[in-house]
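See structure below.
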Amino acid sequence: MTYLKRENPEALAWFYCSESSQSQKSAEENMIRNSVKRKAALATSIALATMILGVGASSASVITYNVNQFFGGGSVVGTLTTNGNLGTINYFDITSFSLQLNGIGSSFHIASTDPTGVIWGGGADITASLQNLKFNFSASDNGFLVFQDGFSSGNHYYCLAASSGACLQGQSNVPDHYIDASAVIVPTSGQQIFATAAVPEPATWGLMLLGFSALGFAGYRRRAMTGSSAPRSA
């Protein structure tokens, strides 16, 4: 504790003035630091929201999957698009398809854009994730999923079935008619992947990079502003 002599009023006045000035300076520095923190937090929140909403908008609306199935000497290659629902889905959650059916000595292309292109099915054996689509060939609900040109015509289809009914159990690749020599039908069991998620579109990558760039800039700005507002010795 500092004692000042009564007979020195000028020294006493200087002491109180200096004390008040130091307190005011500390308060101003605290205000600056708090302002920097608030601005940095706001910038970070905006960056995260941009990244999350951007990716979410792309994945929640539609998801495109690639089909590359090779079995029994034939193949089914193409793409499927869903409405973005995840978990157990139904055939009507698959909104479009484009598939090349390559059988034994014969090929045929089917698509939802064809006048007679159709998706139909039954049961609850399809599972969707952000990574892939699976079908449970061992389910007991007689479920099936058919991509076809010409509803229930027996021609031009790719079918996944847990039991024989709408089509034979397993995977059916039928570029012509199902009794034709070109047809490939292979019994299948268990839960199998039949489509995998496509690489994100350039727009999706752009939104993700924008979000990460904003986060980096927010961190740089925070460090720069904190350094400029650090207390300086008199």
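The values are calculated or read from the model by the stated rules, or taken from the named source; none is laboratory data. For clarity, every value in this text was computed on a predicted model and none was experimentally measured. Cβ atoms come from the backbone with ideal geometry, glycine included; neighbour counts cover every protein chain shown. Side chains included, ligands, DNA and RNA excluded: accessible areas come from the protein's heavy atoms. Shrake-Rupley method; radii C 1.70, N 1.55, O 1.52, S 1.80 Å.
Table for the structure above
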{"item": "Pairwise label distance in nanometres, PHE151 with MET31, each label 7 Å out on the Cα-Cβ vector", "result": "7.3 nm"}
{"item": "Net lengthening on full extension, SER138/TRP120 (0.36 nm per residue, minus Cα-Cα)", "result": "4.6 nm"}
{"item": "Per-residue SASA entry for PHE92, accessible area with 1.4 Å probe, Å² rounded to 10", "result": "120 Å²"}
{"item": "Calculated FRET efficiency for the pair HIS109/GLN131, C-beta based, R₀ 22 Å, to 0.05", "result": "0.25"}
